[in-house]
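Only one structure is covered here, and it is reproduced in the block below.
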Amino acid sequence: MTSLPLATYGYTVHGIDLDNASIDLAQELAHKLKLPNARFICADVSTLDQKEKFDIAICSEVLGHLANPELLLMTIKSLIREFGIL
């Protein structure tokens, strides 16, 4: 889980996962660590209706499990600001 260490440095992080148990664990840890800047949702990124753009997107332990990783990468690219990092 890369989002919580980033949140401890003051970054606002949004964690997205398909697994409810992973989201529950992340939310519990963020609460224990008093990290209001860490938000987590259970969702499929490839179908996420997100208006907000991000500076950085980290895709960890996901691509190898997908039949069409290019689709996910294109979706994530659309969520990143100009000159953002994937």
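The values are calculated or read from the model by the stated rules, or taken from the named source; none is laboratory data. Note that the structure is a prediction, hence the values are computed from the model and not measured. With ideal geometry, Cβ positions are generated from the backbone for all residues, glycine too; neighbour counts draw on all protein chains shown.
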Quiz item: Residues of segment 2-27 being of a type in the set (Asp, Glu) and either touching an Asp or Glu at 6+ places or on another chain (Cβ under 6 Å) or crowded, with 17+ Cβ neighbours inside 10 Å (or both), which ones?
Solution: 17
Exercise. Tell me which residues, restricted to segment 42-57, are at pLDDT 85 or above, in contact with a helix residue (DSSP H, G or I) (Cβ under 8 Å, 6 or more places away or on another chain) and not in a strand (DSSP E or B).
Key: 57
Quiz item: What number of residues within segment 32-63 satisfy the criterion of being of a type in the set (Phe, Trp, Tyr) and within 12 Å of residue 7 (Cβ to Cβ)?
Solution: 1
Quiz item: Limited to segment 1-32, what total is found for residues that are within 18 Å of residue 57 (Cβ to Cβ), of a type outside the set (D, E, K, R) and outside any helix (DSSP H, G or I)?
Solution: 10
